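Enquirer: My questions will all concern the structure given below.
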Amino acid sequence: MKYIVVLADGMADLPIPEWNNKTPLMMARKPVMDHLCSIAQTGLLQSVPEGMHPGSEIANMSILGFDPRKYFPGRGVLEAAALKIPVRPDELVFRCNLVTVENGKLMNHSAGHISNEEAEELIQSLNDEFIKDGARFYQGVSYRNLMMLQGGEGDVICRPPHDHPGEEMARLLPEGTKVGNQTAETLISLIKRSIKLLDKHPVNVARKKKGLPPANAIWPWSPGKPGGFPTFKERWGIHSGAVISAVDLIRGIGSLAGLDNIYVEGATGLFDTNYEGKAAAAVSALKKVDFVFLHVEAADEAGHEGDKELKKRVVEDFDHRLLKPLWEGIKNMEGEVSLALLPDHPTPCALRTHTSDPVPFLLIKPGEKPDSVSVFDEFSVKNGSLGLLKDGEVLQKLFS
């Protein structure tokens, strides 16, 4: 038996009044997804443990069966693992966004999805300016970058920028959990100094002339230091597996879990991602390994943009351009394949951030009788035979 989990990041949503309280999943034309639903068992998954922040890092770790309450090392650590960046023992690792700040407000968590080439120039300038302060920066993809802070301590509260679009920056700055926290003071200084440096940078001068949001500030968040993390084989007894994603966070989870990372040309993590290439890579990988985790980011980004029409289109692209060739490839394979399909968390367009509401899932296992649900969305699966699951129980069902 081979196994595949297809995860559409942030695909779930809330009812939208302008659409007669339907969600993008309900509005989208998605014949393949609905066909899979008609031959599957369905239910809801509480992917975010109670009391935890509904970040993709928490939800994806939970879905894969790694209890984030025990194993989450900080998002920066996960992404550093994906990029194979060594971390010094005295360093604190942060995910570091390039963001847009205007009139004292944090306007855009991605600086309008700044290009890799533009980000590279800005990261170089940040390194030149702040290396003397014990901060070093590493480029990731677009706005998603890393910062290592020498001598940093983890007792600091940093707020994810995608959770606070349009809010006053002053109220979102890092806070120490004790009086006189030097790490929090250092981070605030770096953020404020980065605005002075980046706002006049030629990259941002050019962006503003084109009417594009400038990447005129850094925003470090999710600090951590490397620690123990079990392998996928230790957790589930599955001997070989692979991760297909354009997002360093997901690749980092795969790296720490001992899974292979497969890179697909043209996979961007955005709306223009190479859906077909990802599907082909997944089918090819299933012929070589026992387990594939196929992650697609586009719906999450549409939710963060607050664009319901774009999210609907992304769902349709995901259905036609990825699920269709993936399912055809699986049907033509020798041997049996079990499949799970789900989002990791909702990213409602109305809120432009994640929530911890349960997400719909479907599970196809050869020889298992499907339930009566034939349309896949956030509400139909409430009638599914698998009810409400939590944490790693979807994989437990998949592997049992």
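The values are calculated or read from the model by the stated rules, or taken from the named source; none is laboratory data. Note that this is a predicted model, so its numbers are computed, not measured. Counting neighbours? That spans all protein chains shown, and the Cβs are built from the backbone with ideal geometry, glycine included. Protein only, heavy atoms only, side chains kept; ligands, DNA and RNA dropped before computing areas. Shrake-Rupley method; radii C 1.70, N 1.55, O 1.52, S 1.80 Å.
Enquirer: Treating only the Cα positions of the stretch 264-400 as identical point scatterers, give the base-10 log of I(q)/I(0) from the Debye formula at each q in 0.10, 0.17, 0.21, 0.22 Å⁻¹.
Expert: Evaluating at q = 0.10, 0.17, 0.21, 0.22 Å⁻¹ gives log10 I(q)/I(0) of -0.36, -1.09, -1.50, -1.54.
Enquirer: Report P(r) for the stretch 261-320: all Cα-Cα distances, bin width 5 Å, range 0 to the bin holding the largest distance, values in whole percent.
Expert: Each 5 Å bin holds this share of Cα pairs: 4, 19, 27, 21, 15, 9, 4, 1.
Enquirer: Here is a further query. Nearest 10 degrees is fine. How inclined is helix 182-198 to the longest principal axis of the chain, computing both from alpha carbons?
Expert: It works out to around 80 degrees.
Enquirer: Looking at the stretch 297-400, which chymotrypsin sites (Phe, Trp or Tyr not before Pro) are DSSP coil and have at most 16 other C-beta atoms within 10 Å of their C-beta? Provide the component values of the computation, followed by the final result.
Expert: On the way: sites: F318, W327, F361, F376, F379, F399; in loops: F376, F379.
Hits after loop and neighbour filter: F379.
Enquirer: In addition: Kindly give the semi-axes, whole Å and largest first, of the ellipsoid equivalent to the stretch 288-337, taking each as the square root of 5 times a Cα gyration tensor eigenvalue.
Expert: Values for the stretch 288-337, descending: 28, 13, 5 Å.
Enquirer: Could you check the spin-label model distance between I39 and K132? Points 7 Å from the Cα along Cα→Cβ, value in nm.
Expert: So the label points at I39 and K132 sit 6.5 nm apart.
Enquirer: Under 25 Å Cα to Cα from K311, which lysines show up? Leave out anything in the same chain fewer than 8 places away.
Expert: Result set, ordered by chain and number: K22, K30, K278, K324, K382.
Enquirer: Beyond 15 Å, what share of the Cα-Cα pairs of the stretch 334-400 remains, rounded to the nearest whole percent?
Expert: Details: 1276 of 2211 pairs.
Percent of Cα pairs beyond 15 Å in the stretch 334-400: 58.
Enquirer: If packing is taken as the average number of other Cβ atoms within 10 Å across a peptide's residues, how do 49-62, 14-27 rank, most packed first? Numbers along the way, then the final one.
Expert: Values: 49-62: 20.8, 14-27: 16.9.
Top of the packing list down: 49-62, 14-27.
Enquirer: Additional query: Checking a compactness column here: for the stretch 169-253, what do you get for Rg(Cα) / (2.2 N^0.38 Å), N being the number of residues?
Expert: 1.64
Enquirer: Enter the mean projected area of the convex hull around the alpha-carbon atoms of the chain, in nm², rounded to one decimal.
Expert: Details: hull surface 75.3 nm².
With the hull built on Cα positions only, its mean projection is 18.8 nm².
Enquirer: Here's a follow-up. Give me the 1.4 Å probe accessible area per residue for the stretch 169-246, excluding ligands and nucleic acids, in Å². Intermediate values should be presented prior to the final figure.
Expert: Numbers: 3810 Å² over 78 residues.
Spelled out: the 1.4 Å probe surface of the stretch 169-246, per residue, equals 49 Å².
Enquirer: Grab the Cα-Cα distance for S374 and W19, subtract it from 0.36 nm times how many residues apart they are, and report the gain in nm with one decimal.
Expert: Computed gain between S374 and W19 is 125.7 nm.
Enquirer: Provide, as a two-decimal number, the C-alpha radius of gyration of the stretch 8-69 over 2.2 N^0.38 Å, N being how many residues it has. Provide the component values of the computation, followed by the final result.
Expert: Details: Rg = 14.4 Å, N = 62, 2.2 N^0.38 = 10.6 Å.
Scaled against compact globular proteins, the figure is 1.36.
Enquirer: Then there is this: What Kirkwood radius, in Å to one decimal, follows from the Cα pairs of the stretch 236-295? Please list the in-between numbers first.
Expert: Numbers: mean 1/r = 0.0865 Å⁻¹.
By the Kirkwood definition, the hydrodynamic radius is 11.6 Å.
Enquirer: Which of the peptides 73-84, 244-255 is most tightly packed, and how do the rest follow, judged by the mean count of other Cβ atoms within 10 Å per residue? If you can, show how the numbers build up before the last one.
Expert: Working: 73-84: 23.8, 244-255: 25.5.
For the peptides 73-84, 244-255, the packing ranking is 244-255, 73-84.
Enquirer: Also: Grab every C-alpha pair in the stretch 202-352, bin the distances at 5 angstrom width from 0 up to the longest one, and report whole percents.
Expert: Pair shares across the bins are 2, 8, 14, 16, 18, 16, 12, 7, 4, 2, 1, 0.
Enquirer: If you project the alpha carbons of the stretch 61-217 onto their three principal axes, what span does each projection cover, largest first, in Å?
Expert: Its Cα atoms span 47, 36, 31 Å along the three principal axes.
Enquirer: Near K369, which aspartates and glutamates are there with a Cα under 17 Å away, not counting those fewer than 8 places off in the same chain?
Expert: D34, E336
Enquirer: Could I ask something else about it? In whole Å, how far is the Cα centre of the stretch 196-246 from that of the stretch 81-148?
Expert: Rounded to whole Å, the Cα centres lie 8 Å apart.
Enquirer: Which value in deg cm²/dmol, rounded to the nearest 500, describes the helix-derived mean residue ellipticity at 222 nm for the chain, given -39,500 (n - 2.57) per DSSP H run of n ≥ 4 and division by the residue count?
Expert: Values: 15 runs with 132 residues, N = 400.
It comes out at -9000 deg cm²/dmol, rounded to the nearest 500.
Enquirer: Do any trypsin sites (Lys or Arg not before Pro) in the stretch 172-201 lie in a DSSP loop with no more than 13 other beta carbon atoms within 10 Å, and if so, which?
Expert: Working: sites: K178, K192, R193, K196, K200; in loops: K178, K200.
Filter output for the stretch 172-201: K178, K200.
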